[in-house]
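The values are calculated or read from the model by the stated rules, or taken from the named source; none is laboratory data. Because the structure is a prediction, the values reported are computed rather than measured. Don't worry about glycine lacking a Cβ; one is built from the backbone with ideal geometry, like all the others, and counts go over all protein chains shown.
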Amino acid sequence: MTAPATSPAGSYWAASRAPRYSLVFVIPLFLLYEALAAALAGVPGTASVRNAADVLLKSPFLAFAGPRGSMAFFALVIGVCVYFIARDITRSRKRLEPRVFALMLGESAVLGLLLGAVVGALTQRLLGGLSALSLQTGAVPLEAMPWTAKLMLSLGAGLYEELLFRVLLVGGLAAGLRWLLGIRWVSGVVAAVVGALLFSLFHYIGQYGDPFDVTSFTYRAVAGLAFSGLYLTRGFGITAWTHALYDVYVLIIWG
């Protein structure tokens, strides 16, 4: 008796979460952000503009390697991605299909549109207010920035905030709790909630952090919970692109 064939939808759902698709999908986001950051480094008024998670993740590399720290971080991220992609391709023995990447981009674009409506509606029900997610912009007002700087910040939010808060924090916490408790869904829920709260608090810390506000904190916490749930169910690639495209909608298209 032969096993039933996997449906196209089921095949896409599993493949798009796999490292060979998820990490390949996120590499262009990483390259585009770094290229924009390098191009804007010499532009007056935008040279110091960076996503806060980017600054935090690169700080240890800059402390040990100085100006070469950014390149060391870049090489490490690309190297790790290539390793997991190659390992997954070797294990699966399947060729990459462009159709899957097209579907992933479409899914991310739709989820990015839905995110603002869903999170905003939940925040309004909880507090009767709505506040947009903000980004670390230094001393430069967001409204005064060129669209290229807004695009760079949007891509950086999708990439580095998801890498820091979802991959490292939520993923690591979920794995640790699963090892301790042995209950997968409980571990995921606890990790998602903790990650969402820390994600929201992150926006109020540091020299350029926002003044604390209950409405914006709740909005960010709900958004963080949505991103955490998305990461645990759909993987890093789609979550990063969903976050980035949501910020592109807010900062460039709707802004």
* Are any residues in the range 204-248 within 30 Å of V24 (Cβ to Cβ) and either charged (D, E, K, R) or outside any helix (DSSP H, G or I) (or both), and if so, which ones? -> R220, R234, G235, D247
* Residues satisfying the stated conditions in the range 41-54, i.e. modelled with pLDDT of 85 or more and either surrounded by fewer than 17 Cβ atoms within 10 Å (Cβ to Cβ) or not small (G, A, S) (or both) -> D54
* Asked: When the residues of the range 210-221 are filtered to those that are surrounded by fewer than 19 Cβ atoms within 10 Å (Cβ to Cβ) and touching a residue at least 60 places away in the same chain (Cβ under 8 Å), which remaining residue is nearest to L115 (Cα to Cα)?
  -> T215
* Asked: Somewhere in the range 160-175, is a residue in a helix (DSSP H, G or I), at pLDDT below 90 and surrounded by 17 or more Cβ atoms within 10 Å (Cβ to Cβ)?
  -> no
